[in-house]
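The structure appears below as structure tokens.
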Amino acid sequence: MSTLQRLTARLSEILDQDSVITDPVRLRTYDCDGLTYHRATPGVVVLAESAEQIAAVVRLCDEYGVPFVARGSGTGLSGGALPRTDGVLIVTSRMRRILEIDIPNRRAVVEPGVTNLAITEAVRDQGHYYAPDPSSQQICSIGGNVAENSGGAHCLKYGFTVNHVVGVELVTPQGEIVELSDRDPGYDLLGAFIGSEGTLGIATKITVRLSRTPEAVTTVLAAFTGIEGGGRAVSAIIGAGIVPAAIEMMDALAIEAAEAAVHCGYPEGAGAVLVVELDGPHAEVDHQFAAVERICRETGAFEIRVAASAEERAAIWKGRKSAFAAVGRISPAYIVQDGVVPRTALPEVLAGIDRLQEEFGIRVANVFHAGDGNLHPLVLFDDAVPGQGERAETVSGRILDLCIEHGGSITGEHGVGVDKSRYMPRMFSEEDLDTMQLVRCAFDPKGLSNPGKVFPTPRLCGEVPGVRRGVHPLVESGAAEQF
Amino acid sequence: MSADADLAACGTTVRPAGDGDAVAGVLPRWVALPETTEDVSAVLRVAAAHDLAVVPTGAGTMLDWGPPPGRCDLLVDTCCLNEVLEHAAGDLVTRVQAGVTLGALGETLASQGQRLVAEPPLAGSTVGGMLATGVAGPLRFRYGTSRDLLIGITVVLADGTIAKSGGKVVKNVAGYDLGKLFTGSYGTLGVITEAAFRLHPLAADSRWVTAPLPEAERGQELAATLAASVLEPAAIELDRPVPGGGMLAVLVEGVAAAERAKAVQDLMGVDAEIGEEPPSWWGRLPGEDLLLSLRGLPAALAATLRVVDAHAARLALTPHVRGSAGTDDLHVALPTSSDPDRVAGFVSAVRDEIRPLGGRLTGVALPPGVAVDFWGETGALGLMRRVKDRFDPDHRMSPGRFVGGL
Amino acid sequence: MDPELIKDCVHCGFCLPTCPTYVLWGEEMDSPRGRIQLMDQHVHGTPVTDEMAGHLDACLGCMACVTACPSGVRYDRLIEQTRAVVEEEHTRTPEERAVRAMVFALFPYRRRLRAMRLPMALSKRLQPLLERANPTLGAMAELAPPAARPVRLPPVVRARRRRRATVGLLTGCVQGEFFPQVNAATARVLALEGCDVVIPPRQGCCGALSLHSGREAEAKRFAMRTIATFERAGVDTVVVNAAGCGSSMKDYAEVLKDEPGWSGRADALAVRDLAEFLVELGPVAERHPLPVSVAYHDACHLAHAQGVRSQPRELLGGIPGLDLREIAESAICCGSAGTYNLFQPVAARELGDRKAERVLATGADLLVSANPGCTMQIAAATRRAGKGEIRVAHTAEVLDAALRGLSPQTLGWVTEDAG
């Protein structure tokens, strides 16, 4: 019997029969998250219903030396929840209770499987909402948001998950249940845990901060003949001292896709559209709106639409929010890239992407959070044409190189996961990565929590801090790197 | 070779320490004055070779915060790491060395109409000091604290390793966020040498609305009403020098600040006044030498203050409470002349009683005679210990200054 | 199963929160994304195992996922193809087979249904007993609506004002037998709005139940017969008031694509849901005030399969005095889903309870929906919850009352005194 089989046999001590999946056909449905490029059928799937169950499963993993991966809704775009064939996939989709809504203290306590949007829906009537809004907010789980430090279109003004989570209960990779609170003295382990992509443990209870629904929201859609005009408008808006809730841009190809998918009715002939959302007190929004409208006209917008109602706002956002999946309508296959550059470097980087398109004969649709320089190039290809997939991969990688060259990042919100770990050494030095690894070793000395993600090479933790032992066989064979 | 010789040869100015260099009463032997991150690394490598205990310092405005270090051989003074490396106004980003004072940084940024919205409540503090202590000013209510604005950091570890995380873009999730870990770590994990922040435009206009702080639940309700108001105040601060008497001040920022301030005034009652300047106590600590931090839940503000008042009355102490009523993140100052035993009694009693309300009372600056657990209980001490053991296995960085004696 | 249709799925997961079984059980293999993965496994050679069949059978076919999908995956088409494969390749247990045989021998045939009415009414008293014997029999008994007074509709109802259109009316098996008053109301509303309404006698089943359960041959037979019936009636537009029937009739061209000549005949017949048709036509008849609060329930086969969401709301909202209320989680199926509540009674019951809770939370006087299955299902759930009876009505009945100036008290049937 394999180690995993022995472990699986003992899962019945912890969980009901229908919470442990071992049937191969069922297991296969968990073989990837939102990134289908990487697939691995999990060894066993556990549908947990409490922190205690997760802790017990993790303790078993610790005992048997079996790796485990946490998964929420499985919508991640970097393969962060890619299972291990030799490991346990711990799924939190059944832990979806909103445990407490505490308006006086502007917070809510939720289980990790609760969807991002469900929190806002639960408190909307009371004039509040949960600010981070990833495009997948109706389905992505808060547990996944914590793992990835998810942002969204509105993080330009409001920040990311890490700025809106004030407490986490987690199961450490050794199976302890630990509470992290922003009020407790000591290291900001909460801040370190959020965005660690499941490598430091599994969040089992999350306390989020609730924000007051703004008095006024105005959404402006400005159409430009080309991406340059849109870029000028973004710079001018920021230069005018305005921090909109969101500034989003789409290029002609992305508009074409969105139009095909959801008939969003963006102005005809637009080479780029800019979506600017302003929110806050009426008096401020009115003023900012006037300035934004003037700036868009001055920078060459040929049509400006203003959403006055929630329905009109939804119509403007519909095209933008559907863009990723919509590209499926104009291309048989595509890669969603996620890179960041300083906003002022956008024109240069976009020109660079144009050159790559020509050089490799690959089309790239651009959707981006223009306010914070977060690009989502969609690299289109036809997997039926031999060699195109590889060329698309190359273009996609070159785009990240462009981002790094311009002082940016290889990921703004999708995470490193399994997909981008190989790019980490281009952005960080050995020392940087080794130092990050110190955090990993403090939380997960055996390296069982989501191994193979974030970091490029498997690294081992010395068993006793500060003491170097003999060379590990994995290091000797070159399969791992001691640090 | 001796530590003296190695320090002299490491390429960085190192001088012998004088009386003025004491850290919470503990006198170091040397003071290093590095000018670059590499200098810091060289100095720390020497310290590692000779098992020297190291304490980083900036302007020294908060150097005495925290318990005294268990030992202190070398003070790493970042005063010469004082360059604003980059101000990319179009990107709303700045990158600075840790020894830059917030005043100097503010001037640089203001010249292009921008600002760092984190502002420690002490004049002259450096960026490094602000990050190491995690201290925050009134604007934390709207924008968060320095940890929320920090987008990249460079640190030097105990063994001299230079490491960075984040970068100079506001949106970035590549790798672990060491910035969060180092913010508020009181110099116990390494030396912060550089930091990058996201910036905000200067406020187009500002108004402060002040009114007497209503007592007990009425005060709490008013703070809650303001915090949840669609008027979106930037800060809500209280100042309460004595029980039963205090002020509440609300900052409104923006083009329409004047108009919105009037609406805030309506909420605050007939005694509220609008001013174009902050009240004199705004953004300043209520005291310096005997200072506590009181954090809690906004809906427990009244109950928390009642606990403070009750124990102060019982022990004949006179606490001065000041800070953010919007986030219930307050400071409590006691007169330096207060009896140390009573102060210790006050701290333990208040700490125990507010814990069930979700409150935490920790020391900030305590005179040596106050025999009390400086930090109090914390949730994840085991994990914190493991982090410390990994970053500083020999416990040479600001030893003993942090939670659990780390 | 068409591999090209399977490939359209990019695995984004946007379908998950709209899928009733995912909402209930939180399992990937009971979500549209997971089911597509199962289909993919089958296409790549994995045989239909008991587990696979179980998860595919558990799909309600509510098509909420089709509405939610940004990539335009034709899950509706996929699940129909898949059901046919499962029917063909999978051997069900004898008990399952018996239950399915009974349902398909009964529901598509009006005369047989009529014969069932008395025993069903009686069986309500025996419901707990039946429940123990077989959950499907229990579910049937629980759902039974009150015995309706038979309504005989004339073959043609003439327009009551200047004629603007001539349409055919599908009477439907379940609608016609259990809710004949809905058909009567539909005909009156159409006539009052200026339509000649042709109601061919001896209409058969439109094939919806068979189509949604993978009984392809049977579905085709019913489809051809229905097309022929309306061709003979000489109409080119058929108005349908039952959501399930409308959605499958709109798919006739696809169902009959391999039958020479039939696809074109199917295309020539315009099928419209009543609400869709009335909004396209535009209101002319006067609406009298109808002071009543209404919770409008989106039938899946109307909202998701046909995309008809705004029209019923527009019609109801256009009635003076009517207070229209939204039901939370409106996109989630009530669990009725054609024959689902008969084959998957446990899941259907959970979904019914969930829906009933949200309907009751609106505090509305009247529950309105365009599908008889939904109203039966929700009414049964409110009864189970011990919350007494909620009055239910079809959109057509509400419009009928408003056009004729009836009191709101005349609206809505309750089932307490049934049997």
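All of the numbers you see were taken from the coordinates with simple rules; none came from a lab. Predicted, not measured: the structure shown is a model, and the values here were computed from it. Cβ placement follows ideal geometry from the backbone for every residue including glycine, while neighbour counts extend to all protein chains displayed.
Some points to look at:
- Relative to the compact-globule estimate of 2.2 N^0.38 Å, the Cα radius of gyration of the stretch B:3-79 comes out at 1.01.
- Net charge of Cβ neighbours under 11 Å - reference B:Asp64; Lys, Arg +1; Asp, Glu -1: -1
- Placing +1 on each Lys and Arg Cβ and -1 on each Asp and Glu Cβ, with no other charges, gives the stretch A:130-224 a dipole about its Cα centre of roughly 300 debye.
- Taken over the stretch C:3-89, the convex hull of the Cα atoms encloses 80 Å³ per residue.
- Computed over the stretch A:43-92, Kirkwood Rh from alpha-carbon pairs, angstrom: 11.1 Å
- Each of A:Val385, A:Asn374, A:Ala283 was scored by the projection of its Cα onto the charge dipole of chain A, and the greatest displacement toward the positive side belongs to A:Val385; charges sit on the C-beta of Lys, Arg, Asp and Glu.
- On the basis of the beta-carbon distance and an R0 of 45 Å, A:Thr85 and A:Glu268 show a calculated FRET efficiency of 0.35.
- In plain terms, the chain from B:Thr108 to B:Thr318 could stretch by 71.5 nm, reckoned as 0.36 nm per residue minus the Cα-Cα distance.
- Unit charges on C-beta of K, R, D, E only; dipole of the protein assembly as shown, Debye: 4820 debye
- Enclosing the Cα atoms of chain C in their convex hull gives a volume equal to 131 cubic angstrom per residue.
- Amide hydrogen neighbours beyond the local backbone of A:Ala272, cut-off 5 Å, H modeled: A:Phe224, A:Gly226
- Distance violations [Cα-Cα > 18 Å] among A:Lys318/C:Lys7; A:Lys205/A:Lys321; A:Lys321/B:Lys168; C:Lys250/C:Lys355; C:Lys220/C:Lys250: A:Lys318/C:Lys7; A:Lys205/A:Lys321; A:Lys321/B:Lys168; C:Lys250/C:Lys355
- For B:Lys388, the lysines whose Cα falls under 23 Å of its own Cα, not counting residues fewer than eight places away in the same chain, are A:Lys446, B:Lys164, B:Lys180.
- Pairwise label distance in nanometres, A:His38 with C:Thr237, each label 7 Å out on the Cα-Cβ vector: 5.6 nm
- Footprinting exposure proxy for B:Val84, C:Val392, C:Val197, B:Val191 (fewest neighbouring C-beta atoms within 10 Å first): B:Val84, C:Val197, C:Val392, B:Val191
- Debye log10 I(q)/I(0) for the stretch C:287-410, one point scatterer per Cα, at q = 0.12, 0.19, 0.22 Å⁻¹: -0.41, -0.99, -1.27
- Computed over the alpha-carbon pairs of the stretch B:1-132, the distance histogram in 10 Å steps reads 12, 39, 30, 15, 4, 0 percent, short to long.
- Loop-located trypsin sites (Lys or Arg not before Pro) across the stretch C:198-233 with a Cβ neighbour count of 13 or fewer within 10 Å are C:Arg202, with loop assigned by DSSP.
- Here, P(r) means the percent of Cα pairs in each 20 Å bin from 0 to the largest distance; for chain A it is 23, 54, 22, 1.
- Cα convex hull volume per residue for the stretch A:136-292 (Å³): 155 Å³
- Ranked A:Arg59, A:Arg294, criterion: other C-beta atoms within 10 Å, fewest first: A:Arg294, A:Arg59
- For A:Lys205, nonlocal amide neighbours, meaning residues 5 or more places apart or on other chains whose placed amide H falls under 5 Å from its own, are A:Glu169.
- With both labels modelled 7 Å from their Cα along Cα-to-Cβ, the C:Thr410 to A:Glu298 distance reads 6.6 nm.
- Debye intensity ratio in log₁₀ form over the Cα atoms of the stretch A:64-215, taken at each q of 0.09, 0.12, 0.14, 0.16 Å⁻¹: -0.26, -0.46, -0.63, -0.82
- Rg ratio (alpha-carbon, reference 2.2 N^0.38 Å) - the stretch A:1-143: 1.15
- Packing rank of A:6-17, A:187-198, B:20-31, B:68-79, where each peptide gets the mean count of other beta carbons within 10 Å, highest leading: A:187-198, B:68-79, B:20-31, A:6-17
- Karplus (6.51, -1.76, 1.60) ³J(HN,Hα), θ = phi - 60°, over the stretch A:410-426, in Hz, Gly and Pro reported as x: 7, 7, x, 7, 7, x, 7, x, 8, 6, 10, 4, 5, 8, 4, x, 7
- Residues with amide H under 5 Å from that of C:Val392, placed H, sequence gap 5 or more: C:Leu367, C:Trp413
- The mean count of C-beta atoms from other chains within 10 Å of the C-beta of residues in A:428-435, rounded to a whole number, is 6.
- Kirkwood-based shape ratio for the stretch A:101-178, expressed as Rg/Rh from alpha carbons: 0.97
- Alpha carbon centroid spacing (whole Å) that separates the stretch C:294-328 from the stretch A:127-163: 32 Å
- Selection from C:Leu192, C:Val255, C:Cys206, by position along the positive dipole direction of the stretch C:188-296 (Cβ): C:Cys206
- Helix content alone sets the calculated 222 nm mean residue ellipticity of chain B: runs of n ≥ 4 DSSP H residues at -39500 (n - 2.57) each, divided across all residues, give -8000 deg cm²/dmol.
- Every Cα-Cα pair of the stretch C:156-279 was included, and the share exceeding 26 Å stands at 16 percent.
- Separation of the A:Ser2 and C:Val151 label points, Cα + 7 Å toward Cβ, nm: 6.4 nm
- Selection from C:Thr93, C:Gln37, C:Ala370 lying farthest towards where the dipole of chain C points positive, charges on Cβ: C:Ala370
- Largest first, the extents of the alpha carbon coordinates of chain B on the three principal axes equal 73, 54, 36 Å.
- Inter-chain Cβ neighbour count for A:174-184, averaged per residue, equals 5 (cutoff 10 Å, partner chain atoms only).
- Averaging the Cα positions of each part gives two centres, and for the stretch A:346-368 and the stretch B:16-68 these lie 50 Å apart.
- Diagonalising the gyration tensor over the Cα atoms of the stretch B:285-376 and scaling each eigenvalue by 5 before taking the square root yields semi-axes of 19, 13, 12 Å, largest first.
- Average beta carbon contacts from partner chains per residue of B:249-262, 10 Å cutoff: 3
- Rounded to the nearest whole angstrom, the semi-axes of the ellipsoid equivalent to the protein assembly as shown, taken from the Cα gyration tensor as √(5λ), stand at 61, 34, 30, largest first.
- Angstrom value of the Kirkwood radius, inverse mean 1/r, which spans all Cα pairs in the stretch B:63-174: 15.3 Å
- Debye, to nearest 20: dipole size of chain A, +1 on Lys, Arg Cβ, -1 on Asp, Glu Cβ: 440 debye
- Projected onto its three principal axes, the C-alpha set of the stretch A:137-187 covers 35, 26, 13 Å, listed from the longest axis down.
- The alpha carbons of the stretch A:331-414 give a radius of gyration and a Dmax of 12.1, 38 Å, in that order.
- Annotation: the residues B:Thr13, B:Thr304, sorted from fewest to most other C-beta atoms within 10 Å of their own C-beta, follow the order B:Thr13, B:Thr304.
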